[in-house]
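Novice: Before anything else, here's the structure in question.
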Amino acid sequence: MEKKNINWSELGFGYMPTEKRYVSNYKNGAWDEGGLTDDATITMSECAGVLQYAQTVFEGLKAYTTEDGRTVMFRPDLNASRLADSARRLEIPAFPEDRFMQAVNDVVKANLAYVPPYGSGATLYIRPFIFGSSSVIGVKPAEEYQFRIFATPVGPYFKGGAKPITIKVSDFDRAAPHGTGHIKAGLNYAMSLHAIVTAHEEGYDENMYLDAGTRTYVEETGGANFLFVTKDGTVVTPKSDSILPSITRRSLMTVAEEVLGMKVEHRQVRFDEVKDFAECGLCGTAAVISPVGKIVDHGKEICFPSGMEKMGPVIQKLYDTLTGIQMGRIEGPKGWLYEVK
């Protein structure tokens, strides 16, 4: 298929409408047949559950053009299951996982002209979401819902390469114990906005959130999991019931252990041991890994040996291997790449 006349190399990480999106509605206890539509607008009651009580969950994944010309998505089955888990936590009817897989396939297939060519540095970002659409004035779940998927071409999260960033230890809490930190709900991101704006105003790129119960363990940032590397090359990621189970983080740990033969640990990470790590990064769908060069704890600086100029050697190897798998240059674990047909 002929691609759209877009300057792919100049794309930023923003929204550009494409031609088709998917919509399915939940009413009278069941999801309807659903299908593709040209209409990018949403009409609903001013009293809709999503507007009154933030009853919405979402996902984010990408479609790529591989070196041999295929269009693929990276582990969309995990997005399907995580969306269902998120929905159940907010009393939203889960969208069937098999239908999710078909729907994302159909959206990408219908927008193939917007899937950037191999080597452009750009990808097609896919956003599935569910929200309460019927009116709710008392505090209770909505009775009707809408599931939608749109896609938009995006450029690399970091223009000109991923330079190490500086983050601060936040005075705010990201998630409460036994709360909703482990699901991908809009409300979690809304509460992080003031904290990230504050961090930016103070000259920092991101926040490090500590556990709300004791403020002694590392949790995550507003939108990414942490990844650390010890001085002997062990890859460590924090473990907590209030951390979102990042698909990128889980994939990187598998790459580290099974593809690259590294030692890995998924465990609680005390903040007072962060100063002893050799490398630090933030992992998520948008950038895969963002290297961290410095963490500032109320004026006290923790500078990683990997420095402020480039990724550390272990994080660079993890990044190169995972992106190589995503783009089809490196053979990855079976089932990780889903070919759009």
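The values are calculated or read from the model by the stated rules, or taken from the named source; none is laboratory data. All of these numbers come straight from a predicted model, not from anything done at the bench. All Cβ positions, glycine included, derive from the backbone under ideal geometry; neighbour counts span all protein chains shown. Note: areas computed on protein heavy atoms with side chains; ligands, DNA, RNA excluded. Shrake-Rupley method; radii C 1.70, N 1.55, O 1.52, S 1.80 Å.
Novice: Could you check how many residues of the stretch 234-254 are assigned to a helix (DSSP H, G or I), of a type outside the set (Lys, Arg), out of contact with any strand residue (DSSP E or B) (no Cβ under 6 Å at 6 or more places or on another chain) and open to solvent by 10 Å² or more (accessible area, probe 1.4 Å)?
Specialist: Residues meeting the conditions: 2.
Novice: While we're here: Is at least one residue of the stretch 154-169 within 21 Å of Tyr217 (Cβ to Cβ) and more than 19 Å from the chain's Cα centre (by Cα)?
Specialist: Filtering the stretch 154-169 for residues within 21 Å of Tyr217 (Cβ to Cβ) gives 167-169.
So of that shortlist, the ones also more than 19 Å from the chain's Cα centre (by Cα) come out as 168-169.
Yes, that holds for at least one residue.
Novice: Right, here's the next one. So, Ile92, is that one within 15 Å of Thr123 (Cβ to Cβ), in contact (Cβ under 8 Å) with a residue 12 or more places away in the chain and surrounded by 15 or more Cβ atoms within 10 Å (Cβ to Cβ) or not? Break it down into steps so the answer makes sense when it comes.
Specialist: Details: within 15 Å of Thr123 (Cβ to Cβ): no; in contact (Cβ under 8 Å) with a residue 12 or more places away in the chain: yes; surrounded by 15 or more Cβ atoms within 10 Å (Cβ to Cβ): yes.
Taking the combined requirement at face value, the residue does not satisfy it.
Novice: Separate question: Among the listed residues Tyr64, Tyr15, Tyr26, identify the single one that is open to solvent by less than 80 Å² (accessible area, probe 1.4 Å), within 27 Å of Gly284 (Cα to Cα) and aromatic (Phe, Trp, Tyr).
Specialist: Working: Tyr15 fails: open to solvent by less than 80 Å² (accessible area, probe 1.4 Å); Tyr26 fails: within 27 Å of Gly284 (Cα to Cα).
Checking each option against the conditions leaves just Tyr64.
Novice: Is it fair to say Asp272 is open to solvent by 60 Å² or more (accessible area, probe 1.4 Å), of a type outside the set (A, V, I, L, M, F, W, C), touching a residue at least 24 places away in the same chain (Cβ under 8 Å) and under 21 Å from Thr216 (Cα atoms)? Spell out how you get there, then give the answer.
Specialist: Numbers: open to solvent by 60 Å² or more (accessible area, probe 1.4 Å): yes; of a type outside the set (A, V, I, L, M, F, W, C): yes; touching a residue at least 24 places away in the same chain (Cβ under 8 Å): yes; under 21 Å from Thr216 (Cα atoms): yes.
Here the answer is yes, as Asp272 does meet what is asked.
Conditions tested, residue by residue: (1) of a type in the set (Lys, Arg); (2) over 30 Å from Thr37 (Cα atoms); (3) modelled with pLDDT under 95; (4) under 20 Å from the mean Cα position of the chain (by Cα).
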position	(1), (2), (3), (4)
Phe147	no, no, no, yes
Lys184	yes, no, no, yes
His194	no, yes, no, yes
Glu220	no, yes, no, yes
Leu227	no, yes, no, yes
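Novice: So, one more: Looking only at the stretch 247-285, which residues are among the basic types (Lys, Arg), within 19 Å of the chain's Cα centre (by Cα) and more than 15 Å from Ile315 (Cβ to Cβ)?
Specialist: Our first condition is that a residue be among the basic types (Lys, Arg); within the stretch 247-285, this holds for 249-250, 263, 267, 270, 275.
Then keep just the ones that are within 19 Å of the chain's Cα centre (by Cα); that gives 249-250.
Arg250, the sole residue that qualifies.
Residue by residue, here is whether (1) out of contact with any Lys or Arg (no Cβ under 8 Å at 6 or more places or on another chain); (2) of a type in the set (A, V, I, L, M); (3) closer than 23 Å to Gly324 by Cα holds:
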site	(1), (2), (3)
Lys4	yes, no, no
Tyr22	no, no, no
Tyr26	yes, no, no
Gln55	yes, no, no
Gly60	no, no, yes
Pro76	yes, no, yes
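Novice: Further question: Report the residue count in the stretch 315-341 for those that are in contact with a Lys or Arg (Cβ under 7 Å, 6 or more places away or on another chain) and assigned to a loop (DSSP other than H, G, I, E, B). Steps first, please.
Specialist: Pass one, the stretch 315-341, residues in contact with a Lys or Arg (Cβ under 7 Å, 6 or more places away or on another chain): 328, 336, 339-340.
This time we only want the ones that are assigned to a loop (DSSP other than H, G, I, E, B), so: 328, 336, 340.
Here the count works out to 3.
Novice: Residue under question is Ala199, and the condition is that it be in a helix (DSSP H, G or I) and in contact with an Asp or Glu (Cβ under 7 Å, 6 or more places away or on another chain); does it hold? Full working, then the answer.
Specialist: Numbers: in a helix (DSSP H, G or I): yes; in contact with an Asp or Glu (Cβ under 7 Å, 6 or more places away or on another chain): yes.
Yes; evaluated as a whole, the condition is true for this residue.
Novice: When the residues of the stretch 32-46 are filtered to those that are of a type in the set (Gly, Ala, Ser) and surrounded by 12 or more Cβ atoms within 10 Å (Cβ to Cβ), which remaining residue is nearest to Phe100 (Cα to Cα)? Steps first, please.
Specialist: Here is the first cut: in the stretch 32-46, the ones of a type in the set (Gly, Ala, Ser) are 34-35, 40, 45.
Next, only the ones that are surrounded by 12 or more Cβ atoms within 10 Å (Cβ to Cβ) stay: 34, 40, 45.
Values: Gly34: 11, Ala40: 19, Ser45: 26 Å.
Taking the candidates together, the pick is Gly34.
Novice: Name the helices (runs of 4 or more DSSP H) wholly inside the stretch 1-111 in which the number of residues that are among the basic types (Lys, Arg) is 2 or more. Reasoning before the result, please.
Specialist: Working: elements: 49-53, 76-89, 97-110.
Ranges flagged: 76-89, 97-110.
Novice: Is it the case, given these coordinates, that Met311 is buried (at least 22 other Cβ atoms within 10 Å of the Cβ), in contact (Cβ under 8 Å) with a residue 12 or more places away in the chain, more than 16 Å from the chain's Cα centre (by Cα) and assigned to a loop (DSSP other than H, G, I, E, B)?
Specialist: Numbers: buried (at least 22 other Cβ atoms within 10 Å of the Cβ): yes; in contact (Cβ under 8 Å) with a residue 12 or more places away in the chain: yes; more than 16 Å from the chain's Cα centre (by Cα): yes; assigned to a loop (DSSP other than H, G, I, E, B): yes.
When the stated conditions are applied, Met311 passes them.
Novice: A further question on this structure: What's the number of the only condition in (1) under 29 Å from Met308 (Cα atoms); (2) open to solvent by 30 Å² or more (accessible area, probe 1.4 Å) that Thr214 fails to meet?
Specialist: If we test Thr214 against (1) under 29 Å from Met308 (Cα atoms); (2) open to solvent by 30 Å² or more (accessible area, probe 1.4 Å), just (1) comes out false.
Novice: Please enumerate the residues belonging to the stretch 166-178 that are open to solvent by less than 40 Å² (accessible area, probe 1.4 Å), at pLDDT 95 or above and out of contact with any helix residue (DSSP H, G or I) (no Cβ under 6 Å at 6 or more places or on another chain).
Specialist: Step one: list which residues in the stretch 166-178 are open to solvent by less than 40 Å² (accessible area, probe 1.4 Å), which gives 166-170, 174-175.
Right, trim to at pLDDT 95 or above and you get 166-170.
Of everything in the stretch 166-178, those that are open to solvent by less than 40 Å² (accessible area, probe 1.4 Å), at pLDDT 95 or above and out of contact with any helix residue (DSSP H, G or I) (no Cβ under 6 Å at 6 or more places or on another chain) turn out to be Thr166, Ile167, Val169.
Novice: Can you confirm whether Gly161 is open to solvent by 20 Å² or more (accessible area, probe 1.4 Å), at pLDDT below 95, in contact with a Phe, Trp or Tyr (Cβ under 8 Å, 6 or more places away or on another chain) and not acidic (Asp, Glu)?
Specialist: No, not satisfied.
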